[in-house]
Amino acid sequence: MTTTAKSPAPAGGPVTSQGRRCARCGCVLSAYNTDETCGACTRAALPPADDTPKVPARVWSDPEIREALAAWNFGQVSRLVRQRGSIRQEDVAQLTGLSQGFLSMLESGARRLTSIDRIVDFLDGLAVPADLVRVPRRRPVPRTAPAAAAPRSASLASVPRGTVSLPAQRTSSVTELDSRRSDADAPWTAEYAVTALADATAALTSGVACAAVPRLPELTGHAHRWATAGPCDAARRDGAGAEVAAGLPERLRATTEVLRGMDEEHGGGSLAPAATAHLGVVVGLLRGGSYDAGTGRELAAVAADAAGQAAWFQVESGRPVAASLRLLLAALRVAHVADDARVGAGVLLGLAVGACRTGQPVATVDLARAAREGTREYDAPALHAALLTWEARGHARLGRRRETLRALGLAAELCVRGRGGEEPQWLPPLGEGDIQAQAGSCHLDLGDHREAAHLLDLAATRLGPGRSRARGLALARSAQARLRLGDPQGAYETADQALQIAARIRSASLEEQVRPLTEALPGLAQRRSPGPADA
């Protein structure tokens, strides 16, 4: 029989007849424990564990998170931080002091952070670096964020496997984001506003390629500054030209109204040169004339409205939308000089429409909301209804059914009230047909094709005389809904009516809706007779 000698006891605590004991509590140590203390005493000697969740510092270099912070879109910040930082929603709730239910609504867009105290608590809880959102903070946070990720031009070999490349339009370098913020943060003074509008107006006819389409941070950054910038002096007493007569702004506004009426009936495509020339006259008076503060505010209001019309006519003539959006950003500054939130709301509405056309529904919602918030003190139910319809359009593009229907319901209720006593002069009459047309477009985006066709047909019958483009758009979208329902005959009949309108007017927005129908319905294009739209 072979015997194996036991290994000597390891050095450690005191050895007794029962074996080694813990040097602290005296309990018998396991033969496999080479320490002088037992496991319980070893753990008790360690510093207590910190169970507080932490946001990894690397997330602050993510371009999408930086864009969301620049736009103050805290719902998107919460969602992206969870995804990029691999933390739970309950962890974000613990850090920020917000309930998990509120965070869910914040991330879905149903709720917003509006109190500055709650915004600061949110930023402090996530330890957002101070240079990404410039507001006073209560807790110590990093001053600067980590360096941004390598540019897209870097070798693909350096990208880890499984990394998803972001679309080019959503990826922005820190320099680009800073330049966008600095443009919105430039002085909101009368002098700067007039110069910006003059430059944007000149760009319409210069033939030089315009800068890129403004993205979410730039659009919402301007809206935020419009809402928060202090008042400025609208007077100009040292102009080189003659003094602007007190009644002149009203006469200039009348010209804008004439152009607006022609647009509804004949389309704005052929009016772009006239509208740009009219805007140039107003800008020339702003730059070179002499006027007191009252006249200056009136002139600024006319300029902002004329710029909005000129921007829309550029789109209707088929020109790239970037130039028109740049013009609208400059017009928003001039609207601030006018010191009338309803003027700014008109510009923001134009920006919301442009954002929707360029595939930025989040910006559409944010801009429409900013306009509603800025004009909530006015008795202007028609204005608020118009803004709510575009907020609904943005929600529908995002697939948010509940928010879409809520906004449409509020718009319909306000429309029933009729026009209030403080409606803006630029707002055309808003009727039931307008609400139905917008509701039908929303249902089309949500995939409710039968309801969309029904509402759009109603809209086409209720839109009054002089609303050719609006009727054509309703008919074209109704035909699209019928195609998706598998009703080619109904689509053909409805599309034919839209095509007849498109042949009479020049409207790029209507052309965009009709063109897919001519491709999907054989024989429809042959029925089209030449008209202004083909010129």
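The values are calculated or read from the model by the stated rules, or taken from the named source; none is laboratory data. These figures come from a predicted structure and were not determined experimentally. Glycine gets a Cβ as well: all are built from the backbone with ideal geometry, and neighbour counts include every protein chain shown.
A quick yes/no check of all residues on (1) under 21 Å from H384 (Cα atoms); (2) of a type in the set (V, I, T):
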{"residue": "P429", "(1), (2)": "yes, no"}
{"residue": "I435", "(1), (2)": "yes, yes"}
{"residue": "L446", "(1), (2)": "no, no"}
{"residue": "A479", "(1), (2)": "no, no"}
Checklist entry - Considering region 312-349 alone, what residues qualify as being free of Cβ contacts under 8 Å to residues at least 40 places away in the same chain and buried (at least 24 other Cβ atoms within 10 Å of the Cβ)? => result S324, L328
Checklist entry - Filter region 354-379 for residues that are buried (at least 24 other Cβ atoms within 10 Å of the Cβ) and hydrophobic (A, V, I, L, M, F, W, C); which is farthest from A322 (Cα to Cα)? => result A371
Item to check | Subset of region 38-63 that is assigned to a loop (DSSP other than H, G, I, E, B) and modelled with pLDDT under 75 - its residue that is surrounded by the most Cβ atoms within 10 Å (Cβ to Cβ) | outcome: C38
Next on the checklist: Taking the criterion of being among the small types (G, A, S), out of contact with any Cys (no Cβ under 8 Å at 6 or more places or on another chain) and over 24 Å from Q513 (Cα atoms), would at least one residue in region 420-433 satisfy it?
Outcome noted: yes
Checklist entry - Looking at region 335-342, is at least one residue of a type outside the set (K, R) and under 20 Å from L430 (Cα atoms)? => result yes
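Per-residue answers, yes or no, for (1) of a type outside the set (S, T, Y); (2) crowded, with 23+ Cβ neighbours inside 10 Å; (3) free of Cβ contacts under 8 Å to residues at least 60 places away in the same chain:
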{"site": "R237", "(1), (2), (3)": "yes, no, yes"}
{"site": "R253", "(1), (2), (3)": "yes, no, no"}
{"site": "G267", "(1), (2), (3)": "yes, yes, no"}
{"site": "G280", "(1), (2), (3)": "yes, no, no"}
{"site": "D292", "(1), (2), (3)": "yes, no, yes"}
{"site": "A307", "(1), (2), (3)": "yes, yes, no"}
{"site": "A310", "(1), (2), (3)": "yes, yes, no"}
Checklist entry - G409: free of Cβ contacts under 8 Å to residues at least 12 places away in the same chain and surrounded by fewer than 20 Cβ atoms within 10 Å (Cβ to Cβ), yes or no? => result yes
Item to check | Failed item, numbered, when E511 is tested on (1) modelled with pLDDT of 90 or more; (2) within 28 Å of G409 (Cβ to Cβ) | outcome: (2)
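Residue-by-condition table, conditions (1) over 22 Å from G399 (Cβ atoms); (2) aliphatic (A, V, I, L, M):
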{"site": "D434", "(1), (2)": "yes, no"}
{"site": "Q438", "(1), (2)": "no, no"}
{"site": "L446", "(1), (2)": "no, yes"}
{"site": "E451", "(1), (2)": "no, no"}
{"site": "L456", "(1), (2)": "no, yes"}
{"site": "G472", "(1), (2)": "yes, no"}
{"site": "S478", "(1), (2)": "no, no"}
{"site": "L485", "(1), (2)": "no, yes"}
Checklist entry - If you go through region 350-358 one residue at a time, do you hit one that is of a type outside the set (D, E), outside any helix (DSSP H, G or I) and in contact with a helix residue (DSSP H, G or I) (Cβ under 9 Å, 6 or more places away or on another chain)? => result yes
Next on the checklist: Quick test of your reading of the structure: R66 fulfils all but one of (1) modelled with pLDDT under 80; (2) under 18 Å from P129 (Cα atoms). Name the failing condition by number.
Outcome noted: (1)
Checklist entry - Does any residue of region 381-393 turn out to be surrounded by fewer than 18 Cβ atoms within 10 Å (Cβ to Cβ) and closer than 30 Å to A229 by Cβ? => result no
Checklist outcome for this item: Per the filter on region 477-496, residues surrounded by fewer than 17 Cβ atoms within 10 Å (Cβ to Cβ) and not acidic (D, E) are R484, L485, G486, P488, Q489
Next on the checklist: Checking the conditions here, which among L455, L408, L367, L414 is in the same structural domain as H336 (by the TED database) and either over 26 Å from G261 (Cβ atoms) or modelled with pLDDT of 95 or more (or both)?
Outcome noted: L367
Next on the checklist: Being of a type in the set (A, V, I, L, M, F, W, C) and over 15 Å from P187 (Cβ atoms) is the filter here; which residues of region 219-253 pass it?
Outcome noted: L219, A223, A227, A235, A240, A242, V244, A245, A246, L248, L252
